[in-house]
Amino acid sequence: MADEVSIDKNVFHTRLAALQTQWKADKRSGNHVFGDVGSIAIVMGKSDETQGFHKANAMQFWLLGYEFPATLFLITLETMYIITTKKKAAYLEPLKDGGKTQVEIIVRGKDAEENAKQFERCLDTIKNAGTKVGVITKELSTGPFVNEWKTAFADISKEMEEVDISPALSAVMAVKDANELRAIRNASVASSHTMADFFLDYMSDALDKDKKITHKALCDKIASKIDDDKFFKWKKAPQSFDTMQLDWSIQPTVMSGGNFDLKLGSEPDDNNLHAGVIIAAFGLRYQTYASMIARTYLVDPNKTQESMYKLLLNVHEAVMKELRDGVAANEVYNKAISIIKAKKPELVSRFVKSVGAGIGIEARDTNFVLNAKNTRVLKDGMTFSITTAFSDLENPNPQDKKRDAKYALMLSDTVRINPAGTDQAFSFTKDAPSDVESTSFFFNEEEEEKKEKPKAKKDSRVGAVASSNITKTRLRGQGGTTQNEEKEAARREHQKELHQKKQQEGLEKYAEGHGNLNGTEEKKFKRFESYKRDTQFPSKVKDLIVLVDPKNNSVILPIMGRPVPFHINTLKNATTSTEGGFTYLRINFLSPGQGVGRKDDQAPFEDPTAQFIRSLTFRSHDTNRMEDIKDQVTEMKKAAVRKEQEKKDMEDVVEQDKLVEIRNRRPYRLDNIYVRPAVESKRVGGAVEIHQNGLRYHHLGNQKIDILFGNIKHLFFQPCVGELIVIIHVHLHNPIMIGKKKTKDVQFYREATEMQFDETGNRKRKHRYGDEEEFEAEQEEKRRRAQLDKEFRNFTEKIADAGKGEGLAVDMPFRDLGFNGVPSRSSVTVQPTTDCLVQLTEPPFMVITLTDIEVVHLERVQFGLKNFDMVIVFKDFTRAPAHINTIPVEALDGVKDWLDSVDIPYSEGPLNLNWATIMKTVIADPHTFFKDGGWSFLSTESDSDEEDEEEEESAFEVSEEELASVASSEDESDFDDDASAEASEDEVSDDEEGEDWDALEAKAARKDREGGLEEEEVKRPAKGGKKRR
């Protein structure tokens, strides 16, 4: 024994007391576990590493933390005797004190007679304790000490009945304490780390590079990794993890090529690792506590193998869910069999005979095997190694008929039973993923990628939208007015059908008696507790003063000579006033009927008819103290309100699942990327990676943002055409936290213009002047933008391809259909996409899904106004309508065309409506709302406005006769006497000359030449041209 041996006295006595407590309880309840034994004798012979851990040395490790060879434990209900050598006895001396149970240490020497007397004393103790003695019947210990004890015990063996105490010891050691669970967790985490971060990488690299390595050599590689201290000091290592405490509980085993031993009893063979089905299994031990992990990896699997593995995953998950406090062991196994019978009954015979066993100091406790016969009940704190496996499976399409014709599948995890009420057991080895994506490898992907991908079918609806809104230049005389009238009539007819359909859907959805949409949620009375017991009161309450206790969110007030606590949520406010040399502190409480403010109905009262204290007033000469109390109460109230608001804001934030990183290859990556909302105030870039089930943004400040594909609702790509940035935008189902900000929109972008690129120092400027260099720079800018768009678009398509299992698809804004508007603070370009209406350029971003829209109403549409507003009402009436204001009236026809093309009913009106009041009416009784016409009041209003305008116009119409008479009178009044005289002279001159138009033009040209005008025009150089010499 080394000098550093130190036995924890408290742990020893605690565990010994637990053993004796369960022993006594079993005697009272019928002796079902301990078999009514009066004493327990556990003998340990010489140490033998080949035997591993068994019940005898497991008991020693459990009580002492060390193995003591040649030692006898004799335990009764009152005393424990330890017979051992002098040197080992020195380590055990401290155990005599500090516990309820008396511990007596008997030291053996070299005197044979004295040693025989010691054994005789032990035998007398056994006989006095009762006629039954608990022993380990399947004893593996050997050696002279064991033989000597067996010889001595043979003298009384006929008088005593030997009872196998192994099941009782297993039951005592099965429920682990905190230290034991911590050790098993550390062992399991180290095993997962070895599997996921060493074996998986080494194996996949060997297969990828077609290296030849035998199973035995690969197992030796894994076994030698235990000496690599640097490897076991990884980022996720538990605190105070000691690599010197690691050992192997299950030696590494790797199987492939059709030879599979699922009992892990055979040594690794010398066959080479085969690229097919590969099973790896091993377990590390930490501070003598064992763990177990096994994984199956599929290389280029076919559909049958994938389906078999998915079935195994389902069975494994069902077993995990069945492992609960109070469930019998056979129920767990029967659950697994029932799933197999329901899906593939022919595989029942090929399933393992047990789905695991207890694990702790022993790697496999046979008394807690999870099979069809064991009726032991599982308890909180127990730990198990869970193993599900199929053997001798036939491969219908083997690549290698000799080595791939038959295969096996196996999964093992180390888990603990959680307290009652939890859904399933907790897996300590979850860091080594076992899902299909993480365990499947495809090394023939390159050949498949070379094949031409089929062209994606165009969405006819998208084309229709784009083509129907392309405006073409028309002259007034080309019949455009008639065509516009026909289009307007067709649009009106289509809108009428949409409104009728919407009305019918509303009546069907909200049948009679539907009631208030908010009626299902009733406000509950909130109970607030300041102190659970009076001992928690601050010590100053003895002074009977007004005391503010921010720690417990309470104010303690002296009432009738007693300190009475009030929770801050029962207080409204605190005020002070000065009068007659006194300062008055008034504490106002919340009570029913206090006013009409919105805060009055924060929470209902349990009994509104009860008597309530409205306020309490205290006075004091100490003005400063009264003011200080008022300030403290005010600050505490603000903090409580702020905390409640933060809690309310975080209600819809859902914790995402863990991102599964890609291990078998480098993930697709896009560098030099900025994210919005920004992670920090400084403008620092990062990189986006595509992993198995989501995206990860690596910030250069060592921060990460994970977005799972299952949480992505829409994926957008917006090119840099007409913009300064190129964008990949992700709109989420549930908001996530980025720093301290909650957001449903995450945007990755890069600037399209390189601000740091400066051409002033370019040597070409010495030789080039004018527009040529500017033209070249423009062409370079176009090429750079096109390359940027291509890079981002390809990456977005890779995201959609990786998330196709979640229904992800790339959506792209139609810039031709865009229009300016103000959805929030500033005027931006709002653009439709296939499924949404978006604004992705400036935060706050706007993403409105078209399928969520009920109706759209266009406000302030009247002659003379340059802008109009758009109000979007959602199918979820409890959601506030969205407003896009100040849209130029020139975009009105385009907006109408787009809304009509995507089958969204719209209406228009001249005024802004009070939508808060309208939506309250709709929510209060949707059935009555649709029964009374639904949204038809919007279109009725717009139709009546148009009729009024037509009536006003008709009031100013005049007949053609009146118009002709007015025109003739105006013509007459425009000419006076002089004008008529001039006209008569012209008529005379025309009659005299009688020249035609050609003669007059020739005459004018001749006069121009005589005046020198033509020569001046010839000599004047053209603008921007060169002078002639």
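The values are calculated or read from the model by the stated rules, or taken from the named source; none is laboratory data. These numbers were taken from a predicted model, which means no experiment stands behind them. Here the Cβ positions follow ideal geometry from the backbone for every residue, glycine too, while neighbour counts run over all protein chains shown. Remember, those area values only see protein heavy atoms, side chains included, never the ligands or the DNA or RNA. Shrake-Rupley method; radii C 1.70, N 1.55, O 1.52, S 1.80 Å.
Do you know which residues across the stretch 248-283 are farther than 14 Å from residue 408 by Cβ and not polar (S, T, N, Q)?
Looking only at the stretch 248-283, we keep the residues that are farther than 14 Å from residue 408 by Cβ, and these are 248-252, 265, 267-273, 275, 282-283.
Scanning the stretch 248-283 gives 248, 250, 252, 265, 267, 268, 269, 270, 273, 275, 282, 283.
Pairs, please: C-beta under 6 Å, at least 6 apart or cross-chain, first residue assigned to a helix (DSSP H, G or I) and in the stretch 475-498, second at pLDDT below 80?
480/474
I need the full set of residues from the stretch 383-420 which are basic (Lys, Arg) and either out of contact with any Ser or Thr (no Cβ under 8 Å at 6 or more places or on another chain) or not in a strand (DSSP E or B) (or both), in order please. Spell out how you get there, then give the answer.
First, pick out the residues of the stretch 383-420 that are basic (Lys, Arg): 401-403, 406, 416.
401, 402, 403, 406, listed by residue number.
Could you tell me which of the residues 641, 679 is free of Cβ contacts under 8 Å to residues at least 24 places away in the same chain and β-branched (Val, Ile, Thr)?
Details: 679 fails: free of Cβ contacts under 8 Å to residues at least 24 places away in the same chain.
Sole residue among the options that is free of Cβ contacts under 8 Å to residues at least 24 places away in the same chain and β-branched (Val, Ile, Thr): 641.
Tell me whether the stretch 508-515 contains one or more residues that are assigned to a loop (DSSP other than H, G, I, E, B), open to solvent by 60 Å² or more (accessible area, probe 1.4 Å), at pLDDT below 60 and touching a helix residue (DSSP H, G or I) at 6+ places or on another chain (Cβ under 8 Å). Don't jump to the end; show me each part of the working.
Filtering the stretch 508-515 down to residues assigned to a loop (DSSP other than H, G, I, E, B) leaves 510-515.
Next, only the ones that are open to solvent by 60 Å² or more (accessible area, probe 1.4 Å) stay: 512-514.
If we keep only those that are at pLDDT below 60 too, we end up with none.
The answer is no; no qualifying residue exists.
Under 8 Å between Cβ atoms, which residue pairs at least 6 apart in sequence (or on different chains) link something in the stretch 223-248 that is among the small types (Gly, Ala, Ser) with a partner that is open to solvent by 50 Å² or more (accessible area, probe 1.4 Å)?
From residues that are among the small types (Gly, Ala, Ser), the pairs are 223/251.
Considering only residues of the stretch 23-36 that are in contact with a Phe, Trp or Tyr (Cβ under 8 Å, 6 or more places away or on another chain) and in contact (Cβ under 8 Å) with a residue 60 or more places away in the chain, which is surrounded by the most Cβ atoms within 10 Å (Cβ to Cβ)? Can you show your working first?
Looking only at the stretch 23-36, we keep the residues that are in contact with a Phe, Trp or Tyr (Cβ under 8 Å, 6 or more places away or on another chain), and these are 23, 26-27, 34.
Still in the running and in contact (Cβ under 8 Å) with a residue 60 or more places away in the chain: 23, 26, 34.
Values: 23: 21, 26: 18, 34: 24.
Top of the filtered list is 34.
I'd like the full set of residues that are within 19 Å of residue 11 (Cα to Cα), touching a residue at least 60 places away in the same chain (Cβ under 8 Å) and hydrophobic (A, V, I, L, M, F, W, C), limited to the stretch 67-102.
Answer for the stretch 67-102, where residues must be within 19 Å of residue 11 (Cα to Cα), touching a residue at least 60 places away in the same chain (Cβ under 8 Å) and hydrophobic (A, V, I, L, M, F, W, C): 80, 92, 95.
Tally the residues that are open to solvent by 10 Å² or more (accessible area, probe 1.4 Å) and among the small types (Gly, Ala, Ser), restricting the search to the stretch 351-368.
Total meeting the criteria: 2.
Conditions: (1) outside any loop (DSSP other than H, G, I, E, B); (2) out of contact with any Pro (no Cβ under 8 Å at 6 or more places or on another chain). Residue 726 meets all but one. Number of the miss?
(2)
It is to be established whether one or more residues within the stretch 400-418 are surrounded by fewer than 20 Cβ atoms within 10 Å (Cβ to Cβ), on the phi < 0 side of the Ramachandran plot, within 26 Å of the chain's Cα centre (by Cα) and not hydroxyl-bearing (Ser, Thr, Tyr).
Yes, there is a match, as at least one residue in the stretch 400-418 is surrounded by fewer than 20 Cβ atoms within 10 Å (Cβ to Cβ), on the phi < 0 side of the Ramachandran plot, within 26 Å of the chain's Cα centre (by Cα) and not hydroxyl-bearing (Ser, Thr, Tyr).
Report, by residue number, each residue of the stretch 585-613 that is open to solvent by 60 Å² or more (accessible area, probe 1.4 Å) and modelled with pLDDT of 90 or more.
586
Could you figure out which of (1) closer than 16 Å to residue 320 by Cβ; (2) small (Gly, Ala, Ser); (3) open to solvent by 10 Å² or more (accessible area, probe 1.4 Å) isn't true of residue 372?
Going through (1) closer than 16 Å to residue 320 by Cβ; (2) small (Gly, Ala, Ser); (3) open to solvent by 10 Å² or more (accessible area, probe 1.4 Å) one by one, residue 372 breaks only (1).
Scan the stretch 421-445 residue by residue and report those that are touching a residue at least 40 places away in the same chain (Cβ under 8 Å), not small (Gly, Ala, Ser) and not in a loop (DSSP other than H, G, I, E, B).
Once the filter is applied, which keeps residues that are touching a residue at least 40 places away in the same chain (Cβ under 8 Å), not small (Gly, Ala, Ser) and not in a loop (DSSP other than H, G, I, E, B), the stretch 421-445 yields 436, 437, 439, 441.
What is the residue count in the stretch 826-838 for residues that are outside any strand (DSSP E or B) and either hydrophobic (A, V, I, L, M, F, W, C) or without any contact (Cβ under 8 Å) to a residue 12 or more places away in the chain (or both)? Spell out the reasoning first.
To start, the set of residues in the stretch 826-838 that are outside any strand (DSSP E or B) comprises 826-827, 833-835.
Next, only the ones that are either hydrophobic (A, V, I, L, M, F, W, C) or without any contact (Cβ under 8 Å) to a residue 12 or more places away in the chain (or both) stay: none.
Looking only at that region, the number is 0.
Kindly list the number of the only condition in (1) within 37 Å of the chain's Cα centre (by Cα); (2) crowded, with 19+ Cβ neighbours inside 10 Å; (3) assigned to a loop (DSSP other than H, G, I, E, B) that fails for residue 241.
In the conditions (1) within 37 Å of the chain's Cα centre (by Cα); (2) crowded, with 19+ Cβ neighbours inside 10 Å; (3) assigned to a loop (DSSP other than H, G, I, E, B), residue 241 misses (2) alone.
Does the stretch 765-774 include one or more residues that are open to solvent by 100 Å² or more (accessible area, probe 1.4 Å), modelled with pLDDT of 85 or more and not aromatic (Phe, Trp, Tyr)? Quick ask: steps written out before the conclusion?
Taking the stretch 765-774 as the starting set, the residues that turn out to be open to solvent by 100 Å² or more (accessible area, probe 1.4 Å) are 765-767, 769, 771-772, 774.
Then keep just the ones that are modelled with pLDDT of 85 or more; that gives none.
Looking for residues that are open to solvent by 100 Å² or more (accessible area, probe 1.4 Å), modelled with pLDDT of 85 or more and not aromatic (Phe, Trp, Tyr), one finds none in the stretch 765-774, hence no.
Residue 791: at pLDDT below 95, surrounded by fewer than 19 Cβ atoms within 10 Å (Cβ to Cβ) and within 21 Å of residue 711 (Cβ to Cβ), yes or no? Step through it out loud before you land on a result.
On the way: at pLDDT below 95: yes; surrounded by fewer than 19 Cβ atoms within 10 Å (Cβ to Cβ): yes; within 21 Å of residue 711 (Cβ to Cβ): no.
No.
Return only the number of the condition from (1) in a helix (DSSP H, G or I); (2) more than 18 Å from residue 731 (Cα to Cα); (3) not hydrophobic (A, V, I, L, M, F, W, C) that residue 821 does not satisfy.
Here residue 821 clears every test but (1).
Of everything in the stretch 701-725, what is more than 18 Å from residue 805 (Cα to Cα), open to solvent by less than 30 Å² (accessible area, probe 1.4 Å) and not acidic (Asp, Glu)? Give them in sequence order.
705, 717, 718, 719, 720, 725
For residue 694, only one of the following conditions fails: (1) surrounded by 12 or more Cβ atoms within 10 Å (Cβ to Cβ); (2) modelled with pLDDT under 80; (3) not aromatic (Phe, Trp, Tyr). What is its number?
(2)
Among the numbered criteria (1) within 27 Å of residue 689 (Cα to Cα); (2) at pLDDT 95 or above; (3) not basic (Lys, Arg), which one does residue 811 miss?
(2)
Scan 17, 56, 41 and give me the residue that is in contact (Cβ under 8 Å) with a residue 40 or more places away in the chain, in a helix (DSSP H, G or I) and buried (at least 17 other Cβ atoms within 10 Å of the Cβ). Outline the logic, then answer.
Values: 17 fails: buried (at least 17 other Cβ atoms within 10 Å of the Cβ); 41 fails: in a helix (DSSP H, G or I).
None of the other options fit; the residue is 56.
Let me confirm something: among 664, 672, which residue is polar (S, T, N, Q), more than 14 Å from the chain's Cα centre (by Cα) and outside any loop (DSSP other than H, G, I, E, B)? Step through it out loud before you land on a result.
Working: 664 fails: outside any loop (DSSP other than H, G, I, E, B).
Just one listed residue meets the conditions, 672.
Could you check, for the stretch 119-139, whether at least one of its residues is hydroxyl-bearing (Ser, Thr, Tyr), over 19 Å from residue 57 (Cα atoms) and at pLDDT below 90? Break it down into steps so the answer makes sense when it comes.
Step one: of the stretch 119-139, the residues hydroxyl-bearing (Ser, Thr, Tyr) are 125, 131, 137.
Okay, now just the ones that are also over 19 Å from residue 57 (Cα atoms), so 125, 131.
From what is left, the residues that are at pLDDT below 90 are 131.
Yes; the residues of the stretch 119-139 include at least one that is hydroxyl-bearing (Ser, Thr, Tyr), over 19 Å from residue 57 (Cα atoms) and at pLDDT below 90.
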